[in-house]
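Below you'll find the structure, written out as structure tokens, and then a few comments.
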Amino acid sequence: MPTPLIAGNWKMNGSLNLVESFGQALADADLPSRLEVALMVPFPYLEPAARALAGTRAALGGQTLSDQPSGAFTGEVSGEMLRDVGARLVLVGHSERRTLFGEDDAAVLARVRRALDVGLTPVLCLGETLEERDAGRGEAVVIGQLEAVADALEADQRSRLVIAYEPVWAIGTGRTASPEQAQSVHAAIRRRLATYDDALAERVPLLYGGSMKADNAADLLAQPDIDGGLVGGASLKIDDFLAICQSAG
Ligand code: PEP
């Protein structure tokens, strides 16, 4: 069973003060021994966060990366740069990137490859819209997004993925998937991973994301195929984030 991972996604939120406060709170926190923690902060805060989180259990992550190694791509940030400032993980294919910035499956695959090439752990986000779920296509959409990446990778690359199931209708809406709904999709993802390799299915952490909060995290994390959480809004409040971390222990 993978080590539980709670990853906070600050999106375009936060401040230098919040970075400092999180560094202090995480340094003082008595976290469960079997738990990994990560914070995905906006680009300008990566370097200060690397300093603030040094000596804590939290790893640092980026929220996206370019599909190019370097060059004339104004405004973009490469995987090498993320590594340079201490990031170990990076979100890829977050639904906001897919819908607001037009990243399709090919763009997601290219970014996963870049992350793997530079030694970052890609946290591959998958999720269906409400329309797709209501049409009975939710699971097929999620498995299709997974296959668009996993089919194209070598076995050793697949084994370095973290996967986050984030139903689009639950992100930032306050509407959480029920533990049973989330478990059912997680189990489908695990089954699909097992068709590549049983050991892969055992090894890849499957995170749930979508309005995970201090008061619903324990029930979600108690599901057999939910190995952790990708937390948006609640990762901006130290007490809530730490409470979610405690639920994962
Ligand atoms: C997210 O942005 O990945 C997310 C899950 O957001 P929220 O927890 O706010 O729904």
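Considering segment 172-189 alone, what residues qualify as being near the ligand (Cβ under 10 Å from one of its atoms) and under 19 Å from Leu146 (Cα atoms)?
So in segment 172-189, the residues near the ligand (Cβ under 10 Å from one of its atoms) come out as 172-176.
Passing the criteria: none in range.
Test Tyr208 against the criterion of being modelled with pLDDT of 95 or more, among the hydroxyl-bearing types (Ser, Thr, Tyr) and more than 14 Å from Cys245 (Cα to Cα), and give yes or no.
Taking the combined requirement at face value, the residue does not satisfy it.
Check Leu207, Leu193, Leu220, Leu230 and return the single one that is assigned to a helix (DSSP H, G or I), within 16 Å of the ligand (Cβ to nearest atom), of a type in the set (A, V, I, L, M, F, W, C) and crowded, with 20+ Cβ neighbours inside 10 Å. Outline the logic, then answer.
Details: Leu207 fails: assigned to a helix (DSSP H, G or I); Leu193 fails: within 16 Å of the ligand (Cβ to nearest atom); Leu230 fails: assigned to a helix (DSSP H, G or I).
On inspection, the qualifying residue turns out to be Leu220.
Spot the failing condition for Ser184; the list is (1) assigned to a helix (DSSP H, G or I); (2) out of contact with any strand residue (DSSP E or B) (no Cβ under 6 Å at 6 or more places or on another chain); (3) within 17 Å of Ala7 (Cβ to Cβ), and only one is missed.
(3)
Sort out which residues of segment 235-249 are within 11 Å of the ligand (Cβ to nearest atom) and either touching a Pro at 6+ places or on another chain (Cβ under 9 Å) or in contact (Cβ under 8 Å) with a residue 60 or more places away in the chain (or both), and write them in order of number.
Correct list: Ser235, Leu236, Phe241, Ile244.
Being more than 19 Å from Leu109 (Cα to Cα), within 16 Å of the ligand (Cβ to nearest atom) and over 18 Å from the mean Cα position of the chain (by Cα) narrows it down to one of Asp198, Asp215, so name that one. Quick ask: steps written out before the conclusion?
On the way: Asp198 fails: within 16 Å of the ligand (Cβ to nearest atom).
Among Asp198, Asp215, only Asp215 is more than 19 Å from Leu109 (Cα to Cα), within 16 Å of the ligand (Cβ to nearest atom) and over 18 Å from the mean Cα position of the chain (by Cα).
Please indicate, with yes or no, whether at least one residue in segment 24-33 is in contact with a helix residue (DSSP H, G or I) (Cβ under 8 Å, 6 or more places away or on another chain) and closer than 17 Å to Gly228 by Cα.
For segment 24-33, residues in contact with a helix residue (DSSP H, G or I) (Cβ under 8 Å, 6 or more places away or on another chain) and closer than 17 Å to Gly228 by Cα: present.
Those residues that are more than 15 Å from Gln223 (Cβ to Cβ) and within 16 Å of the ligand (Cβ to nearest atom), I need them from segment 149-165; list them, please.
First, pick out the residues of segment 149-165 that are more than 15 Å from Gln223 (Cβ to Cβ): 149-162.
The answer is Val162, and nothing else.
The values are calculated or read from the model by the stated rules, or taken from the named source; none is laboratory data. Please read all numbers here as calculations on a predicted model, not as lab measurements. FYI the Cβ positions are ideal-geometry reconstructions off the backbone, even for glycines, and counts take in every protein chain you see.
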